[in-house]
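The values are calculated or read from the model by the stated rules, or taken from the named source; none is laboratory data. These figures come from a predicted structure and were not determined experimentally. Cβ placement follows ideal geometry from the backbone for every residue including glycine, while neighbour counts extend to all protein chains displayed. Each accessible area value is taken on the protein alone, full model and side chains, heavy atoms only, with ligands, DNA and RNA left out. Shrake-Rupley method; radii C 1.70, N 1.55, O 1.52, S 1.80 Å.
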2 protein chains.
Amino acid sequence: MSDLLPGNQIVKLVACDIKLEVRVILFSLRDRQLQVLLAPAGENQAMDLWQLPGNLVDRFCSLEETASMCLVEYIGCREAYLEQLYTYGYAGEQLVSVVYYALIPGDIYPNKKHTPSQWFPVDTPPVLISNHAEILQYALRRLRYKLEYTAVGFELLPDHFTLSELQSTYEIVLGEKLDKRNFRRRILKADVIEPTPHQRCGEGRPARLFRYRPDAVAEVKARRLFP
Amino acid sequence: MSDLLPGNQIVKLVACDIKLEVRVILFSLRDRQLQVLLAPAGENQAMDLWQLPGNLVDRFCSLEETASMCLVEYIGCREAYLEQLYTYGYAGEQLVSVVYYALIPGDIYPNKKHTPSQWFPVDTPPVLISNHAEILQYALRRLRYKLEYTAVGFELLPDHFTLSELQSTYEIVLGEKLDKRNFRRRILKADVIEPTPHQRCGEGRPARLFRYRPDAVAEVKARRLFP
DNA sequence: GCAAAAGTGTTCTTTCTACACCCATGC
DNA sequence: GCATGGGTGTAGAAAGAACACTTTTGC
């Protein structure tokens with residue numbers, strides 16, 4: 001298990017049998033619920049044990065690249081909002097786990113792919129390995145908190161969306177009803193989304209479509225201000 | 001290569017030549033300035049290159065333990081406020097750096113120890129290796145932001161402190177003058193510090209001493225809500 | 001023309017901000 | 001008794017919360 005290493009000086013100090021992995025919490029809106037993608041963990045399917053998707057860190061990939069690769073691998077998604085959550089060290093198992101979370105536009109990626117992973121409502125997850133349930137709860141708290149002081153909610157929607165869709169997103173994630181007029185005022189004042197010339201027709205009066213201002217994305221990322 | 005595997009299979013894929021280190025940003029108030037502890041980085045002293053204190057992660061220590069050990073090693077300090085900041089991956093160097101920051105009560109630990117590390121004002125740090133200057137800036141932003149919505153400021157002070165000392169701490173870290181009455185109202189409403197029966201005598205009228213409520217510490221920690 | 005969702009302002013309440021004087025002690 | 005820092009309340013401004021009706025389309 002303790003692999004041998006080439007003998008320059010720095011290697012002497014390397015704690016070489018610590019495993020390093022990246023895990024990604026994929027959040028998405030499906031069936032009007034906030035859902036999370038989980039992968040089966042048990043050798044034995046009957047156990048019904050699940051885990052957060054992830055990969056060991058390859059020596060040629062950065063942490064964020066590894067996380068991005070997970071998105072591609074698990075749902076074929078490029079270019080989602082991705083943010084580092086926390087790094088957990090498991091002393092007993094010599095394992096370090098760098099955890100990210102991602103916001104996946106709902107209804108873009110199919111419910112099932114070739115992978116055996118599945119979406120679960122965040123409120124009713126299955127039994128998870130290790131401390132993954134705790135990590136999931138923490139991610140949820142962070143996501144909710146973040147929604148309250150930034151406008152990242154649109155990252156869960158397609159490129160173009162109506163204000164009602166955005167409000168619904170906030171309501172689902174935060175788990176509470178919001179006032180329509182106050183919501184619009186606040187979200188527009190935040191100045192990260194802008195109206196487009198297009199409308200969406202459906203039942204009732206057509207709604208104006210919005211999109212996020214491309215120049216505003218950096219700003220949202222920069223407010224990576226909490227633990 | 002990159003499928004996530006449970007249990008024993010994981011070992012096959014270990015990227016064993018990735019180095020894992022913990023760095024700690026030690027903040028402290030000295031000479032009425034916010035200062036940071038740095039360690040010399042150059043083999044050659046003339047270069048005057050510095051770095052954030054840190055250690056490679058030992059196989060038997062957790063990340064937080066490693067960070068705590070840095071505090072002991074560099075300034076002989078146990079029991080400081082310690083919070084994970086961010087984890088940086090350096091793909092080119094196969095290096096992963098888990099960075100914490102710590103708030104060290106000022107004037108408790110002497111300015112110099114047997115270690116060659118030194119305190120520098122955060123505004124005028126020396127030249128730092130790698131991206132350590134950037135990390136320091138990020139830590140500062142996080143600390144300032146955190147002070148605005150929590151009451152962690154007292155972690156930079158001794159066990160007992162006056163409200164004026166606490167206000168001064170906030171002013172130094174945030175870099176702006178605060179209104180005395182508003183400050184007191186806010187900090188008391190936050191409900192994390194409490195008056196003690198004691199007073200501190202000095203010049204002028206004696207000041208009541210406060211301390212943080214032991215049961216409130218968990219609460220502050222729990223608001224580890226930002227990236 | 002009616003069902004269904006979109007869109008739009010105002011009032012009240014709460015929170016934040018600005019501001020000045022008396023108090024207790026040491027010397 | 002005076003110099004020094006400690007301690008206290010209030011009024012105006014800004015921000016947030018509560019609230020109901022008109023508009024546009026498809027059927």
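What are the residues in the range B:147-170 that are within 14 Å of another protein chain (Cβ to nearest Cβ) and away from DNA strand C (no atom under 16 Å from the Cβ), if any?
Kept after step one, since they are within 14 Å of another protein chain (Cβ to nearest Cβ), are these residues of the range B:147-170: B:147-150, B:152.
Of everything in the range B:147-170, just one residue is within 14 Å of another protein chain (Cβ to nearest Cβ) and away from DNA strand C (no atom under 16 Å from the Cβ), namely B:V152.
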All but one of (1) touching a Leu at 6+ places or on another chain (Cβ under 8 Å); (2) within 12 Å of another protein chain (Cβ to nearest Cβ); (3) part of a loop (DSSP other than H, G, I, E, B) hold for A:R78; which doesn't?
-> (2)
Any hit, the range B:134-147, residues being crowded, with 16+ Cβ neighbours inside 10 Å and not in a helix (DSSP H, G or I) = no
Subset of the range A:148-170 [part of a helix (DSSP H, G or I), open to solvent by 10 Å² or more (accessible area, probe 1.4 Å) and more than 16 Å from A:R30 (Cβ to Cβ)] = A:E148, A:Y149, A:L163, A:S164, A:Q167
For the range A:171-186, state whether one or more residues are within 16 Å of DNA strand C (Cβ to nearest atom), assigned by TED's automatic domain parsing to the domain that holds A:L209, open to solvent by less than 30 Å² (accessible area, probe 1.4 Å) and part of a strand (DSSP E or B).
-> no
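Matching residues to (1) among the hydrophobic types (A, V, I, L, M, F, W, C); (2) open to solvent by less than 20 Å² (accessible area, probe 1.4 Å):
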| site | (1), (2) |
| --- | --- |
| B:I25 | yes, yes |
| B:L63 | yes, yes |
| B:G76 | no, no |
| B:A80 | yes, no |
| B:G92 | no, no |
List, please: which pairs have Cβ atoms under 9 Å, are six or more places apart or on different chains, and start with a residue in the range B:43-72 that is in a loop (DSSP other than H, G, I, E, B) and end with one that is charged (D, E, K, R)?
-> B:L52/B:R23; B:P53/B:R23; B:P53/B:E73; B:V57/B:K19; B:V57/B:E21; B:D58/B:E65; B:R59/A:D17
For B:L209, indicate whether it is within 15 Å of DNA strand C (Cβ to nearest atom), away from chain A (no Cβ under 14 Å) and modelled with pLDDT of 95 or more.
-> yes
